[in-house]
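Single-structure report; data block below.
The numbers here are math on the coordinates, done by the rules we state, and not lab data. This is a predicted model, so every value here is computed, not measured. Please note: Cβ atoms are built from the backbone with ideal geometry, for glycine as well, and neighbour counts cover all protein chains shown.
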Ligand code: SRM
Ligand code: SF4
């Protein structure tokens, strides 16, 4: 008897959307509400936008019988996380004119603007388009922003590998012209054949899809957290191909034991660009054909792989690509952090890695980071790169220009801000959470800085000030700041309460474990105080906190 599958409602929305057009035109014209129609909320995700509302004022507005304060978040498509100085200037101006003014670097190396009212979406997209920037497919059930190792000084082949992020992104773009038609007023496509999409067809993927490229020895992209992780294999200064890892994904749902974080499994090696691209493309087609389309909680590639088995997946992939994957090559990751301050690459160009706390670029009482970056962009002497640790690298600076950039950094106290921040703060990141994220159960980026300020004295007390400990916080278990790969992970359960996870490593090769549930701030500090004391007394030589914590919990 054949299994009866009930499709999730989003599947129908996608199929009926006329190539991701939905009724967005009508939704935009409706002046009665700041929101768009429900089905369109799913469709605009494929155009890189989310409808949100300011949760800080929800209750107050409800009491006054006012509608929610709706606005939109727009996420750019920046494969490998790169902007020219001109594009930074444009982004700065667009943020000021159409959004809240804050520019947010995400954990996937791109930028988001929040608080864009419905009437401002089109001007925002059009302004980005004038700077050759778009937001296509940065959300939705489709391949997302492709991330790539950020540190150009690491390898003379960095630029070559970086170019792959762009090529992969292009290869996996949807064929529909809806984005151009709706937001950029391009002519309507009359012949549907023109936008037939052999990859995504009409139902797209069952769920979001993520790809990362790492260049060992640094795993700054957290390659194993992705549906596809490519690990560049470099021998004798030549890129000889990529190891392919599949089935990573971090999200879990509180109370749903069918959901879990999973690290990607390395299944083999592809020597040529052609083979690598075929393997990527066909991994998507397998997920398209076999992924779960009835339960969105179980629809990521990781669940498809665990349902059918890794052996089955590899056989199916080899059948579709028409060649055998080679045995995975040796590689070694030693860390995954950003290299703050000045660095120089093999060609002599300079890079300054700025510490951006939780990726938020704004001017506040402590530091005028946004103004400083605007001034640097106006010199035209630096490009802008974003890291998956939510930081920014001023890049490609000529030797003769280094001093003038340094002066601006000093005048705005950016160098002091970067160099004086404690190791734990520089190794921390948090997701957006409140007030814009509709899924947040607790605070994220608004709270972590103050918690770090309370953890720092504990580290000082135990003589652990210089210790590199990776700390990550999210406002819910979806894992947007990859807390399950942290040495200390905080996962929000309700306002002011977090599950405490311990035991990630410095290379991003190990998931941590749940240690204590739903702690309030004081309980978190008490637990950490004790753990730091035990770590100080009981650590093995050169043992990291995560390794110690796992041993301490009796794990391996
Ligand atoms: Fe995420 C949903 C923010 C990286 C797993 N994520 C969301 C939404 C869009 C909430 C929503 O669905 O309405 C959040 C918007 C908040 C806001 O107001 O901006 C959101 N995710 C973010 C960002 C901005 C966090 C940040 O502070 O940097 C990151 C944007 C990345 C990007 O540029 O594309 C972000 N999200 C991640 C990551 C980390 C990664 O990819 O390396 C994960 C875990 C890895 C993974 O995918 O498994 C992640 N986000 C999720 C999930 C769970 C997906 C799942 O498999 O179930 C959701 C919820 C969903 O999709 O239903 C989610
Ligand atoms: Fe929102 Fe949860 Fe992602 Fe944080 S982890 S941004 S709270 S979905």
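Observations
- Placing R0 at 51 angstrom, the Cβ-Cβ distance between residue 307 and residue 371 gives a FRET efficiency of 0.50 after rounding to 0.05.
- In the stretch 440-532, one over the average inverse separation of all distinct C-alpha pairs is 13.1 Å, which is the Kirkwood hydrodynamic radius.
- Ratio Rg/Rh [Cα only; Rh per Kirkwood] for the stretch 390-461: 1.10
- Counting Cα-Cα pairs of the stretch 477-526 in 10 Å increments starting at 0 gives whole-percent bin shares of 31, 53, 16, 0.
- Peptides 349-357, 459-467 ranked from most to least packed, by the mean per-residue count of other Cβ atoms within 10 Å: 349-357, 459-467.
- The stretch 501-530-the stretch 245-266 distance, computed between alpha-carbon centres (Å): 19
- Once you reduce the stretch 380-421 and the stretch 200-214 to the center of their Cα atoms, the two points are 34 Å from each other.
- Extension gain, residue 326 to residue 202: 0.36 nm times the residue separation minus the Cα-Cα distance gives 41.3 nm.
- Relative to the current alpha-carbon distance between residue 466 and residue 29, full extension at 0.36 nm per residue lengthens the span by 151.7 nm.
- Rough spin-label spacing in nm, given labels placed 7 Å along Cα→Cβ, for residue 70 and residue 521: 3.5
- If the segment from residue 378 to residue 363 were pulled out straight at 0.36 nm per residue, it would be longer than the present Cα-Cα gap by 3.7 nm.
- The stretch 3-58: Rg to Rh, with Rh as the Kirkwood radius over Cα pairs: 1.07
- Rg/Rh ratio calculated on Cα atoms of the stretch 265-354 (Kirkwood radius): 1.15
- In the stretch 1-143, inverting the average of 1/r over every pair of distinct C-alpha atoms gives 16.5 Å as the Kirkwood radius.
- Inter-label distance, residue 180 to residue 401: 3.2 nm, where each label sits 7 Å from its Cα along the C-beta direction.
- Distance histogram in 20 Å bins (all Cα pairs of the chain, percent per bin): 21, 57, 22, 0
- Highest mean first, the peptides 478-484, 76-82, 283-289, 35-41 sorted by other C-beta atoms within 10 Å per residue fall in the order 478-484, 76-82, 283-289, 35-41.
- Reported to the nearest whole Å, the Cα centre-to-centre distance from the stretch 429-499 to the stretch 26-80 is 27.
- Scoring 440-449, 137-146, 15-24, 503-512 by mean Cβ neighbours within 10 Å over their residues and listing the highest first yields 137-146, 503-512, 440-449, 15-24.
- Note on the stretch 135-287: Cα-Cα pairs beyond 18 Å make up 61% of the total pair count.
- Per residue of the chain, the DSSP helices (runs of n ≥ 4 H) give a summed -39500 (n - 2.57) that works out to -9500 deg cm²/dmol at 222 nm.
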